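Reviewing the structure listed below.
Bear in mind that the values in this text are calculations on the coordinates, not laboratory data. Small disclaimer: the values here were computed from a predicted structure and weren't measured. Cβ placement follows ideal geometry from the backbone for every residue including glycine, while neighbour counts extend to all protein chains displayed.
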Amino acid sequence: MYKHRKNIILFAGLFIVILALVIINILSGSAGIGLKDIAEILLNGGRGSVNGRIILDIRLPRILEAMILGGALALSGYMLQTFFLNPIAGPYILGISSGAKLFVAVLMVCALKTGFAMNSMMLVTAAFIGSLIATGFVLAVSVRVSSMSILIVCGVMVGYICSAITDFIVTFADDSNIVNLHNWSLGTFSAAGWNDAKIYIPVVVTGFLAALFMSKTMEAYCFGESYAGSLGINTYRFRMILIIISSILSASVTAFAGPVSFVGIAMPHVARNLFRSEKPLVIIPASFLFGSAFCLFCDLIARSIFSPTELSISTVTAVFGAPIVISMMIGRRNGNV
């Protein structure tokens, strides 16, 4: 009973933190818009005014994208950690985000050169294919090696190779819109729009609900494949579904925001430590909320600290996320995690 009450308090606290970050993000920006004006715009609409367009067409879509995609990335990381039964796994660390980034970059450059109309679904599809190919390589390596550290090194190498090819493509792409492509390749929520939200929200919500539906199976699988098999679980099918959902979630993030580092590996770790639980039914929503809050905070720093110059989101998430990952690895070495 005490544990349930503690979890409710922690979840309530997370919602309050996210709400506070949303308000701060709405208020923050080069155009000084007061809280009263923002409330009037939100209540009555105001796209006819400059302030209304700033709030409704720039700040709100960006806040929504940071919340939803940040949560999706953390959830993707948690599912990968469940798949490999190791908390050090993550879409960025294992090179999966870089694979998605490469295929989206190729699609963007082809679209710019040939002039064909590119839509959001095409971006997600390209990112999904890239993430699946990178995931396939990681799975092939995982069959041959038993050491997670070797697997991570291989994933990092895949990430470097994909990033190098992407940078080569971006460097030699000859188009006036290449600046936007370069910004995307570093990771940013600055291109957020309502049309994109119509794609990524259903995808992420479906992935989140699917993860919750699989939570009991995940809990059994965490005790080992043999234990899960003894309960009648088809572990092969479960692992395939798990990796596909994780790939779709990370692909959605990469398609719309580019590669975002350390969220997928760090936030599930924070959720486990704060909630003192390994139950997927608790950690799935907790990871999602921590990912949302973390990306809202990092995006606020990215666009505010050196305003009007904007940092890439991955720069900021690395600054705050890397120490968490380092502490996690030290804790595992000392037997504390």
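Is the shape of the range 227-297 rounded, prolate or oblate, going by the alpha carbon gyration tensor and its root eigenvalues a ≥ b ≥ c, with a/c under 1.5 for rounded and a/b larger than b/c for prolate? Here the range 227-297 falls in the oblate category. Cross-link partners for Lys216 among the lysines, with Cα-Cα distance under 18 Å and sequence neighbours closer than 8 places in the same chain left out: Lys279. Calculate, in whole percent, how much of the Cα-Cα pair population of the range 61-119 lies beyond 19 Å. Pairs farther apart than 19 Å: 50 percent. Between Ala210, Ala255, Ala89, which gets the highest mean-square fluctuation from a Gaussian network model of the chain, Cα cutoff 10 Å? In the Gaussian network model the winner is Ala210. Volume per residue of the convex hull around the Cα atoms, evaluated for the range 69-333, comes out as 123 Å³. Just so you know, the Rg over Rh for the range 88-147 is 1.12, from Cα atoms, with Rh as the Kirkwood radius. Dividing the summed helix terms, -39500 (n - 2.57) for each DSSP H run of n ≥ 4, by the number of residues in the chain produces a 222 nm estimate of -25500 deg cm²/dmol to the nearest 500. With the Kirkwood sum run over all distinct C-alpha pairs, the range 152-291 has a hydrodynamic radius of 17.5 Å. Cross-link partners of Lys113 among lysines, defined as those whose alpha carbon lies under 24 angstrom from its own and excluding same-chain residues fewer than eight positions apart: Lys101. Loop sites by DSSP among the chymotrypsin sites (Phe, Trp or Tyr not before Pro) of the chain, restricted to those with at most 10 other Cβ atoms within 10 angstrom, leave 117-305 as the longest stretch without any of them. When the chain is treated as a Gaussian network with alpha carbon springs shorter than 10 Å, the biggest mean-square fluctuation among Cys110, Cys222, Cys298 belongs to Cys110. Does the range 39-144 classify as rounded, prolate or oblate by the C-alpha gyration tensor (a ≥ b ≥ c root eigenvalues; a/c under 1.5 gives rounded; else a/b over b/c gives prolate, otherwise oblate)? Oblate, since a/c reaches 1.5 and b/c is not below a/b.
Of the residues Ser28, Ser247, Ser120, the one with the fewest other Cβ atoms within 10 Å heads the list, and the complete ranking is Ser28, Ser120, Ser247. Of the residues Thr166, Thr125, Thr235, which exhibits the maximal mean-square fluctuation in a Gaussian network model of the chain defined by a 10 Å Cα contact cut-off? Greatest mean-square fluctuation among the candidates belongs to Thr235.
For the chain, the relative contact order works out to 30 percent when only alpha carbon pairs closer than 8 Å and six or more residues apart are counted.
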